[in-house]
Amino acid sequence: MMEPEKIDSAGTKRGCFFGDFVYHRTLMPKPYKLSALEGKVIAIDGPAGSGKSTTARLLAAKLGFTYLDTGAMYRSVALFALRHDVSVDDARALEAIALKVDIGFRMVGDANRVFLNEEDVTEAIRSPEVTKAVSPVSAQAGVRKAMVYRQRQMARKGNVVAEGRDTTSVVFPEADIKIYLDASLETRARRRLIEYSRKGVQTTLEEQLAELTTRDKYDSNRSNSPLTRTRDSMLLDTTDLTIDEQVDRILKLVKARVSSP
């Protein structure tokens, strides 16, 4: 049974346990919330660098929804595997990790922090090493099955903005609103370059172009839950948009969808 929510001294709403998975809902104000959205699931897919994570987080805050970063869950499994010298090709060991580890989200201020076995790994899961490992790890059928079960449990009461690469096609095929974010390869590579630069990681635009090209091919052609745009997903090209513009465009799309007969 779900435990009652509590607010700790840091202002974080706590509780909401589903087995060994815990999520924490933001206490952000809800100026954009529409009654027609109550209980809804908004799913956002797209390739790496399209702006999914930041856009989904801000959208959830504006709507007063829970933000579900599915990619962070797979990254957490990849991080655990790397730390314990588990091969990204060892399907059985990776599935065992996915079934056993504790993964949680906690909103602290405006930041969605990620916890792995109670350790804050928000920055660690965004390292170049984890980024390279996450695609083969997330392609394992056993890992995906374990993560999809947890994700669906989290969203069973709605009021969720979920993002990833298969949230519209596999995790939440019946999502109330589906959005596919995309952007040109060069734009996505430049965004990744800026992201790494801020973290003090040395890389080049050429390296990021090559890495994203490889990852796009891998994600789109894997046998388990490949990246794809579903027929009922609304497309938004973010190539020439700022993050704020992306969020505003999606809000308009969402309002138009729920307002239409």
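The values are calculated or read from the model by the stated rules, or taken from the named source; none is laboratory data. Owing to the predicted nature of the structure, the values given are computational and were not obtained by experimental measurement. Note: ideal-geometry Cβ built from the backbone for every residue, glycine included; neighbour counts use all protein chains shown.
Taking Asn117, is it touching a strand residue (DSSP E or B) at 6+ places or on another chain (Cβ under 9 Å) and more than 18 Å from Ser53 (Cα to Cα)? Yes; evaluated as a whole, the condition is true for this residue.
Screening Glu118 with (1) within 29 Å of Ala61 (Cα to Cα); (2) touching a residue at least 24 places away in the same chain (Cβ under 8 Å); (3) not hydroxyl-bearing (Ser, Thr, Tyr) gives one miss only, at (2).
Evaluate the following for Asp69: is it among the acidic types (Asp, Glu), within 18 Å of the chain's Cα centre (by Cα) and at pLDDT 90 or above? In short, yes.
Residue-by-condition table, conditions (1) within 28 Å of Leu193 (Cβ to Cβ); (2) among the hydroxyl-bearing types (Ser, Thr, Tyr); (3) over 15 Å from the mean Cα position of the chain (by Cα):
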| position | (1), (2), (3) |
| --- | --- |
| Arg83 | yes, no, yes |
| Asn117 | no, no, yes |
| Arg126 | yes, no, no |
| Thr131 | yes, yes, no |
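Scanning region 86-98 for residues that are closer than 18 Å to Glu119 by Cβ and free of Cβ contacts under 8 Å to residues at least 12 places away in the same chain returns a single hit, Val86. Being farther than 22 Å from Leu253 by Cα and either at pLDDT below 95 or not aromatic (Phe, Trp, Tyr) (or both) is a property that does not hold for Ser50. For region 216-228, a tally of residues being farther than 18 Å from Ala141 by Cα and touching a Ser or Thr at 6+ places or on another chain (Cβ under 8 Å) returns 0. Considering (1) under 30 Å from Thr242 (Cβ atoms); (2) out of contact with any Asp or Glu (no Cβ under 6 Å at 6 or more places or on another chain); (3) free of Cβ contacts under 8 Å to residues at least 60 places away in the same chain, the lone condition that Arg113 does not fulfil carries the number (2).
Scanning region 187-228 for residues that are of a type in the set (Lys, Arg) and crowded, with 17+ Cβ neighbours inside 10 Å, we see that the one that is modelled with the lowest pLDDT is Arg222. The set of residues from region 186-215 being out of contact with any Ser or Thr (no Cβ under 7 Å at 6 or more places or on another chain) and aliphatic (A, V, I, L, M) comprises Ala189, Ile194, Val201, Leu205, Leu209, Ala210, Leu212. Within region 90-114, if we keep just the residues that are farther than 14 Å from Ala146 by Cα and crowded, with 18+ Cβ neighbours inside 10 Å, the residue that is modelled with the highest pLDDT turns out to be Val114.
Mind listing just one residue for me: the one in region 229-239 that is touching a residue at least 24 places away in the same chain (Cβ under 8 Å) and charged (D, E, K, R) and, of those, surrounded by the fewest Cβ atoms within 10 Å (Cβ to Cβ)? Ranking the qualifying residues of region 229-239, first place goes to Asp232.
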